[in-house]
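Below is one structure, written out as structure tokens; the observations come after it.
The values are calculated or read from the model by the stated rules, or taken from the named source; none is laboratory data. All of these numbers come straight from a predicted model, not from anything done at the bench. Counting neighbours? That spans all protein chains shown, and the Cβs are built from the backbone with ideal geometry, glycine included.
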Amino acid sequence: MENKIMDFINMNTKDQASDVTDRRATEGSIISSSCVAAAPIIMGAVLTRMDSLTEGGFRISVVTGDRRGAGTDANVWIRLHDVDGRKSPVINLNHTFKNDHERGETSSFSVKPVLNFGPVAKVELWRDSFGFGHAWFVDRIEVLDLFSSELYMFPFHRWLPPDIHFFVALYDCVLPHSDPHQTQRRDELQRKRQLYRYKAWIPDGPTQSYSLPEDERFSHEYKWDIVSMKARMMVETKLIKIKVFNWVSMEDLRQVYKYSLGEPKSLDHWNEDRWFGLQRVQGVNPFLIKLCTKIPENFAVTAPMVEPFLEGLSLKDALKKKKIFMTDVSLVEGVQLVKNGELWGSMALFFLNKREDLMPIAIQCWQKPGPDNPVFLPSDPPRTWIAAKMFYNNSDANYHQSCSHLGFTHLLMEGVTVCTHRNLSASHPLFKLMAPHFLFLIAINSRGLSKLISPGGWVDKTLSVGVSGMFEIIRRGLDIWRLDVHGNPERDIESRGVLSKEVLPWYPYRDDAIRIYGAIRSYVSKIVHYYYASPGSLENDYELQQWRDELVKERHLAGVGLKGVPGEESCRFTTLDEVIDTVSAIINQCSVGHAAANFQQYEDYAFPPNYPALLDGVPPTDKREYTEDDLIRLLPSKEATLDSMIITKLLSSKGTNSLGDFEVQYMYEPEAVEAAKQFREDLQKISDDIKARNAVRDLPYPYLDPEIVPNSISI
């Protein structure tokens, strides 16, 4: 009991100090509670005071962010404002002889009741620059009314500069024209524009961040040091003991996987035609397969060539019945190889057989037909046909790493991230909606991928076109990528003629991506309609319109240069559907788009004959019979193979929480919380259905199970 009384005396001393501080503050000077001496308190007064605390007052909990340098030793003060404009006394948020506001910690303070004080509407927070660690990142402030048990949430998610009184409303989620603190909002955005600046690190390439702002750094950077992780993994798996020579046989290559990183699923299927077809619909690059209604003029396929593989159909009938499909990697043709020569832009033709398997029936390695560019067929010598499939996959893999993976997810979305920070206040509902999907994106590009795509780095060693060629492919890809098509799985797939299951029954990427996109769009729609319910709210949202302007502004004019942003006709958002489509496509690209292109890299790339990013040679100019030795000579060296195994294993690891399970909660308004809850329930249903489907497949596709899809591009 004595201890409890002494604890109360200390607390009452702080309360008296706060009263004095409030009086002095009105005269322009704020003094610390440590300068005020407590009057002696008799036992009866103590008990009376303790009883009153059980009937009212507030408990203020201050959560400091879990990031490097987030804590502070500065003096911190807060004032509460109620719905009628009443202000509480100034409250000192510092405990004597205790380090408050440390990184990742919650500091709590008890405050006595304020006479006639209504529901808390906003808080006013400020600090000085005292101490060594005076930089302070505030995650949120929670105010608990001890009488009503009402909990008021005030999300900050900001660094608090010294000597600035910062006001945050309940839930801190408000459109700019409705924000009573316009100057504060504009000043904060102006500071962020100085931190988030554009730079095209790839000449004529995507817009990226000029630097790595402090807010974007990893919480624990050592976990994301790809070079150190690679070295550690090589030692742990004993791969470092393998001598650097070329492979002598396929069996020699296969032995590497038994005692190291695990056998990729392709090891037992890489040379099968059915597997080659499955790579188009459930591989690491499932974005190219399309319905073929007419053989292209530059694809020198004739009916006599392929009709033996059409199960009794003529080529004309097979085309008419929608049984013929193709892929075309023409975009990469002519890109300079690391070694002498240019990359081929291959084409492949497929037939949907009676078992509903997509079977390859023709491959042409170069775009221009001719006697030295034959059409390879399944009836060709077995290893010659395998070589043709390997050369096709080589051009496909260089497209995948350059565009599908790096260019269209990592780099394009980095520009969107910078644009969002520059134009949408941290208090904007759409900033809060998109922020979980930008987590660590700039950091992984700056600290991680930059090491892989540096001159002489991993890409130069393991990709046929190297870094220079990769950048050229990315530049070409930017000219054709559209947010309203390629950021929307359903529209993209529909544009390729393979939306219907009646046309292409087994296309799990399509089925999973469309369902998840539907859940994303439903979630986004709920949020947008709630916050833009008032007439004129969209038209008056100058932050959102400026955000769109900068998204579409050409890159050389300090914009992102994004094509296909809804609202093109009027050069602004005029409908809520345009906003919903834009935000949904961005979230999709940061989650589903990246997951589909990334998380099975080890499975596809680890065994080079399956999906070779690098081949030592050029496509055959005739149909001479290949031997196993011929195939082995095409493969990358042991060093390049091991590099590819290690890096793709690291890239295939999951870096952040599952989609919908946000690392940071930005939105606290009950309607937004309910929308997020429904989003997670929708995703769980999709996850259950995918697991049930995969349970009965011999070669399942789990990579778009929402449990595997992360919120953001963080690896």
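What to note about this one:
- Residues satisfying the stated conditions in the stretch 173-196, i.e. under 28 Å from Leu441 (Cα atoms) and either aromatic (Phe, Trp, Tyr) or surrounded by 15 or more Cβ atoms within 10 Å (Cβ to Cβ) (or both): Cys173, Val174, Leu175, Pro176, Gln184, Arg185, Glu188, Leu189, Lys192, Leu195, Tyr196
So that you can scan it fast, the table gives a plain yes or no per residue for (1) among the charged types (D, E, K, R); (2) in the same structural domain as Gly415 (by the TED database); (3) in contact with a strand residue (DSSP E or B) (Cβ under 7 Å, 6 or more places away or on another chain):
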residue	(1), (2), (3)
Phe147	no, no, no
Met153	no, no, yes
Pro161	no, no, no
His165	no, no, yes
Gln190	no, yes, no
Pro213	no, yes, no
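Listed here are the residues, each with its yes/no results for (1) surrounded by 15 or more Cβ atoms within 10 Å (Cβ to Cβ); (2) farther than 26 Å from Val459 by Cα.
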site	(1), (2)
Tyr605	yes, no
Leu614	yes, no
Val618	yes, no
Leu642	yes, no
Lys649	yes, no
Ser653	no, no
Glu674	no, yes
Leu683	yes, yes
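- Applying the condition of being over 29 Å from Gly345 (Cβ atoms), among the basic types (Lys, Arg) and buried (at least 18 other Cβ atoms within 10 Å of the Cβ) to the stretch 477-533 and asking which residue is nearest to the chain's Cα centre (by Cα) yields Arg521.
- Members of the stretch 626-644 that are assigned to a helix (DSSP H, G or I) and at pLDDT 95 or above: Glu628, Asp629, Asp630, Leu631, Ile632, Arg633, Leu634
- Picking from residues in the stretch 56-88 that are among the aliphatic types (A, V, I, L, M) and modelled with pLDDT of 90 or more, the one that is nearest to Ile164 (Cα to Cα) is Ile78.
- Given (1) closer than 26 Å to Val664 by Cα; (2) at pLDDT below 95; (3) in contact with a strand residue (DSSP E or B) (Cβ under 9 Å, 6 or more places away or on another chain), index of the condition Ile91 fails: (1)
- Here Gln367 clears all of (1) touching a Ser or Thr at 6+ places or on another chain (Cβ under 8 Å); (2) buried (at least 24 other Cβ atoms within 10 Å of the Cβ); (3) within 15 Å of Ile295 (Cα to Cα) except the condition numbered (2).
- Selection within the stretch 173-221: residues that are among the aromatic types (Phe, Trp, Tyr) and assigned to a loop (DSSP other than H, G, I, E, B). The member of this set that is nearest to the chain's Cα centre (by Cα) is Phe218.
- The set of residues in the stretch 290-347 being aliphatic (A, V, I, L, M) and without any contact (Cβ under 8 Å) to a residue 60 or more places away in the chain consists of Ile295, Ala303, Leu310, Leu313, Leu315, Ala318, Leu319, Ile324, Met326, Met347.
- For the stretch 505-535, a residue qualifies if it is among the hydroxyl-bearing types (Ser, Thr, Tyr) and assigned to a helix (DSSP H, G or I), and the qualifying residues are Tyr509, Tyr517, Ser522, Tyr523, Ser525, Tyr530, Tyr531.
- Residue in the stretch 659-671 that is β-branched (Val, Ile, Thr), at pLDDT below 95, outside the structural domain of His157 (by the TED database) and not in a helix (DSSP H, G or I) present: yes
- Reported count of residues in the stretch 648-666, each being more than 19 Å from Asn588 (Cβ to Cβ) and touching a Leu at 6+ places or on another chain (Cβ under 7 Å), is 1.
- Filter result (over 14 Å from His405 (Cα atoms), touching a helix residue (DSSP H, G or I) at 6+ places or on another chain (Cβ under 7 Å) and assigned to a loop (DSSP other than H, G, I, E, B)) within the stretch 446-462: Pro455, Gly457
- For the stretch 324-348, the set of residues classified as touching a strand residue (DSSP E or B) at 6+ places or on another chain (Cβ under 7 Å) and closer than 28 Å to Phe471 by Cα consists of Met326, Thr327, Asp328, Gly334, Val335, Gln336, Glu342, Ser346, Met347, Ala348, listed by residue number.
- Output for the stretch 681-705, where each listed residue is farther than 24 Å from Leu406 by Cβ, not in a helix (DSSP H, G or I) and not charged (D, E, K, R): Ala695, Val696, Leu699, Pro700
- One residue stands out in the stretch 264-281 among those that are touching a helix residue (DSSP H, G or I) at 6+ places or on another chain (Cβ under 6 Å) and not in a helix (DSSP H, G or I): the one that is surrounded by the most Cβ atoms within 10 Å (Cβ to Cβ), namely Pro264.
- For the stretch 288-301, the condition holds for no residue, the condition being that it is at negative phi, of a type in the set (A, V, I, L, M), assigned to a helix (DSSP H, G or I) and in the same structural domain as Ala397 (by the TED database).
- The numbered conditions (1) more than 28 Å from the chain's Cα centre (by Cα); (2) in the same structural domain as Asn445 (by the TED database); (3) of a type in the set (Asp, Glu) are all true for Glu142 except (2).
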